[in-house]
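Computed from the coordinates by the stated procedures, all read-outs in this text should not be read as laboratory data. These numbers come from a predicted model, not from an experiment. FYI the Cβ positions are ideal-geometry reconstructions off the backbone, even for glycines, and counts take in every protein chain you see.
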Amino acid sequence: MKTTILTLIIAAGATTLALAQGEIASGTISGSGAGPYTYDLTFSDGDGASVPIGSVWYSWIPGQFFLPSDPTPGTAIAPAGWTATIVNNSIQFVATSSASDILAGQTLSGFGYQATFSPTQLAAAPNSGESVAYSAGLFSDGGDTFVVSATPEPSSLVLLISGVAGLCLLGRRKLPVATKP
């Protein structure tokens, strides 16, 4: 009997943990230009999230800033209903009201900045995509640490698609039929 009750308590606790996911943040970044470089960011809150995302501190975890250098002053942008503030080698994006939060299952684009470092330098910087999302303003909860991943440049994507298409065409060519002498 005691074992059954203990098992039920553990199962109930595990179910509560599984349902209370908080933020399930993810993000992507793409860079373009020849200097200064322009970076575009998109953030999402996963389908299973139990709270919205109301702020993101990009390229930062407590006490550490990860961008290769400071973004160009005055160039951080955010979509309507959000603000963007450059802080050392990172950027704070904060919703101005809960009406602008990123809800579970939603994605929001329109975040960005300019910098003198190239996409290659950004990719080489250790932990440069590591960021923290919060349910409301900064430090409003424990936050969800996540990594903003790079999306391939359009030219790289075109090369990849062209290469795959070329291989498919090579695979479709007919082999010569052997004839009997």
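Couple of notes before you dig in:
- If you go through region 27-37 and keep only what is crowded, with 16+ Cβ neighbours inside 10 Å and polar (S, T, N, Q), you end up with THR28, SER30.
- Output for region 30-75, where each listed residue is under 27 Å from SER98 (Cα atoms), among the polar types (S, T, N, Q) and free of Cβ contacts under 8 Å to residues at least 60 places away in the same chain: SER50, THR75
- Within region 74-85, tally of residues that are crowded, with 16+ Cβ neighbours inside 10 Å, hydrophobic (A, V, I, L, M, F, W, C) and in a loop (DSSP other than H, G, I, E, B): 2
- Candidates SER109, SER131, filtered to the one that is crowded, with 16+ Cβ neighbours inside 10 Å, in contact with a strand residue (DSSP E or B) (Cβ under 6 Å, 6 or more places away or on another chain), hydroxyl-bearing (Ser, Thr, Tyr) and at negative phi: SER131
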